[in-house]
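Q: Below you'll find the structure I mean.
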Amino acid sequence: VHTLGIDLGGTYARAAVVDPGGRILASAKTALTDRGPEAVVEAIHQAAEGAITSAGSVTIHGCGVGVAGQLGPNGSVIVGPNLGWRNVPFGALLAARLGRKVRVVNDLAAASWGELNAGAGKGVQDLFVVFVGSGVGSSIISAGRFVRGAAGVAGEFGHIKVVPGGRLCGCGERGCLEAYAGGHNLIAQMQEALQGTEPTRLSTLTGNDPHKLTPVVLEEAAEQGDAVARRIYDAAVGHLSLAIANQLTVLNPARLILGGGVLNRTPGMLKRIREGVSAWTNANARAAVSVVVAELGDDSGLIGAGLLATAE
Ligand SMILES: [Zn+2]
């Protein structure tokens, strides 16, 4: 049984025909020129048609879509920060346009599911997965089962508090890990710094164009010793490392998987998080865990969404 996996980011809609083993048969992507729900649904339809056409004669059962944000019942998107959406009946709109049943899931849940079933988590029973992309998220697998929690929101790692009363987060609360370490917020903090009076290499590296600020630029400036970049970077690395270490001490997993769009592109940050995690995890939990990098790269969400289409 093949399925359609869709990864809806802030700039592209990607679609893939995925086989039951999590392999991509064919894929296509469409740039999002307009972020209104109708236009986005249309872009997804175009990408999906492209993927299905190049996959050839396979039958497709089900469609899974990974979206960044807070999801409501029936595939609605309550808050979609990358697209500027509030209360969009996305699942219903997309199902109508594609003419098939659609399952809408959180993008990080999709990425974790992909890594679990087709990537770095295969065969492991106790697992903690952390993705740092535009947001920060995690999944917990304990004794072979997904930990969902009483309200289904367990593993909301981006919204644990690291600075009481600190920076305002996209979730509306203050001091969340994501407000310091998520890609969106790394960029926001650099933009704020550029408006300040302190000189910084961030302006020379980007030719003073705030649109060119990325986590990769932040790492470059920090590694060159820029004081402004260092503060933002060190705070992100420090908060992430300590938070992950504490989770490992609590959960005692056999494996920690690190991935996501930011960590996939910032080897220095990844290295420092590994060091911080190793230093701050309780010794017994540390001895039991192997720390690995996500294997599916930017395809984890696409594959995971496809596999989730027909999962329980
Ligand atoms: Zn938050």
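The values are calculated or read from the model by the stated rules, or taken from the named source; none is laboratory data. Remember, predicted model here, so these are calculated numbers, not experimental data. Cβ placement follows ideal geometry from the backbone for every residue including glycine, while neighbour counts extend to all protein chains displayed. Just so you know, the surface numbers come from the protein's heavy atoms only, side chains and all, with ligands and any DNA or RNA stripped out. Shrake-Rupley method; radii C 1.70, N 1.55, O 1.52, S 1.80 Å.
Q: Quick one: work out the % antiparallel among DSSP beta bridges in the chain, nearest 5. If you can, show how the numbers build up before the last one.
A: Working: 28 of 48 bridges.
In the chain, DSSP labels about 60 percent of beta bridges as antiparallel.
Q: Per DSSP helix of 4 or more residues, -39500 (n - 2.57); summed, then divided by the residues of the chain. What does that give at 222 nm, rounded to the nearest 500? Before the final figure, lay out each step's value.
A: Numbers: 11 runs with 126 residues, N = 312.
Mean residue ellipticity at 222 nm (helix-derived): -12500 deg cm²/dmol.
Q: A further question on this structure: Treating the beta-carbon of each Lys and Arg as +1 and of each Asp and Glu as -1, no other charges, what is the dipole magnitude of segment 66-140 about its Cα centre, to the nearest 20 debye?
A: Values: 6 positive and 3 negative charges, 80 e Å.
About 380 debye.
Q: Note the full-extension length gain between residue 161 and residue 33 as 0.36 nm times their separation in residues minus their Cα-Cα distance, in nm to one decimal. Let's see the in-between values first.
A: Working: separation 128, 0.36 × 128 = 46.08 nm, distance 3.48 nm.
Result: 42.6 nm gained on full extension.
Q: Let me ask something else about it. Report relative contact order for the chain in percent, whole number only (criteria: Cα-Cα under 8 Å, sequence separation at least 6). Show your work: numbers first, answer last.
A: Working: 686 pairs, mean separation 67.8, N = 312.
Here the relative contact order equals 22 percent.
Q: Expressed in nm², what is the orientationally averaged projection area of the convex hull enclosing the Cα positions of segment 96-221? Write down the numbers at each step before the final one.
A: Numbers: hull surface 46.3 nm².
Mean orientational projected area (segment 96-221, Cα hull): 11.6 nm².
Q: Positive end of the dipole of the chain, charges at C-beta (+1 Lys, Arg; -1 Asp, Glu), about the Cα centre: which of 214, 172, 202 has its Cα farthest in that direction?
A: So the residue we want is 172.
Q: Whole number in Å², please: accessible area per residue of segment 195-312, 1.4 Å probe, ligands, DNA and RNA not counted.
A: Working: 5540 Å² over 118 residues.
Each residue of segment 195-312 exposes 47 Å² on average to a 1.4 Å probe.
Q: With no solvent and one point per C-alpha, what does the Debye sum give as log10 I(q)/I(0) for segment 242-284 at q = 0.17, 0.18 Å⁻¹?
A: -0.47, -0.52
Q: Plugging the Kirkwood radius over Cα pairs into Stokes-Einstein for segment 202-312, at a temperature of 20 °C and a viscosity of 1.002 mPa s, what D comes out in µm²/s?
A: Working: Rh = 15.7 Å.
It comes out at roughly 136 µm²/s.
Q: Here's something else I'd like to know. Please sort by residue number the GluC sites (Glu not before Pro) in segment 104-177 whose DSSP state is loop and whose Cβ has at most 16 other Cβ atoms within 10 Å. Don't skip to the end; give the middle numbers.
A: On the way: sites: 115, 156, 173; in loops: 156, 173.
Here the GluC sites (Glu not before Pro) that fit, given the DSSP loop and packing criteria, are 173.
Q: Report, please, the projected area of segment 265-312 averaged over directions, based on the convex hull of its C-alpha atoms, in nm². Don't skip to the answer; put the middle values down first.
A: Details: hull surface 19.8 nm².
Averaged projected hull area, Cα only: 5.0 nm².
Q: Here is a further query. Restricting to segment 38-127, what percent of DSSP beta bridges are antiparallel, rounded to 5? The partial results should precede the final answer.
A: Working: 5 of 10 bridges.
Here the antiparallel bridges make up roughly 50 percent for segment 38-127.
Q: For the chain, take every pair of Cα atoms, bin their distances at 10 Å starting from 0, and report each bin as a whole percent.
A: Spelled out bin by bin, the chain gives 6, 27, 34, 24, 9, 1, 0 percent.
Q: If you add up the charges near residue 179, with Lys and Arg at +1 and Asp and Glu at -1, over every other residue whose beta carbon is less than 13 angstrom from its beta carbon, what do you get? Working shown, then result.
A: On the way: positive: 161, 167, 174; negative: 173, 178, 192.
That sum, taken over residues with Cβ under 13 Å, equals 0.
Q: Binning at 10 Å from 0, report for segment 147-190 what percent of all alpha-carbon pair distances ends up in each bin.
A: 31, 47, 20, 3
Q: To check my understanding: the extent here is largest minus smallest coordinate of the Cα atoms along each principal axis. What are those three numbers for segment 1-155, in Å, largest first?
A: Computed over segment 1-155, the largest-to-smallest principal extents equal 40, 37, 24 Å.
Q: Which of the lysines could a cross-linker bridge to residue 101, judged by Cα under 29 Å and excluding same-chain residues fewer than eight apart?
A: Candidates past the 8-residue exclusion: 29, 122.
Q: For segment 48-127, what mean projected area does the convex hull of the alpha carbons give, in nm²? Display every interim value, and only then the final one.
A: Numbers: hull surface 27.6 nm².
Quarter of the Cα hull surface area: 6.9 nm².
Q: Residues of segment 56-128: accessible area per residue at 1.4 Å, in Å²? Let's see the in-between values first.
A: Values: 3160 Å² over 73 residues.
Result: 43 Å² of accessible area for each residue.
Q: Same structure, new question: Between segment 100-119 and segment 202-219, what's the alpha-carbon centroid distance in Å?
A: The distance from the Cα centre of segment 100-119 to that of segment 202-219 comes to 32 Å.
Q: For residue 161, list the aspartates and glutamates whose Cα falls under 14 Å from its own Cα; do not include residues on the same chain fewer than 8 positions away.
A: Partners within reach: 173, 178.
Q: On to the next question. Can you give me the angle between helix 107-118 and the longest principal axis of the chain, using Cα atoms only, in degrees from 0 to 90, rounded to the nearest 10?
A: 80 degrees
Q: Amide H neighbours of residue 79 under 5 Å, counting only residues 5+ apart in sequence or on other chains, H built in-plane at 1.01 Å?
A: 70, 87
Q: Carbon and sulfur together cover what percent of the accessible area of the chain at a 1.4 Å probe radius? Walk me through the numbers on the way to the answer.
A: Numbers: 7090 of 13930 Å².
C and S fraction of accessible area: 51 percent.
Q: Oh, and also: Gain in length, residue 283 to residue 101, computed as 0.36 nm per residue apart minus the alpha-carbon separation, to one decimal in nm? If you can, show how the numbers build up before the last one.
A: On the way: separation 182, 0.36 × 182 = 65.52 nm, distance 4.72 nm.
Here the answer is 60.8 nm.
Q: Further, regarding this structure: Taking the Cβ-Cβ separation of residue 46 and residue 142 as r and a Förster radius of 45 Å, what is the calculated FRET efficiency to the nearest 0.05? Kindly include the intermediate steps, with their values, before the conclusion.
A: Values: r = 40 Å, r/R0 = 0.89.
Once the sixth-power term is evaluated, E becomes 0.65.
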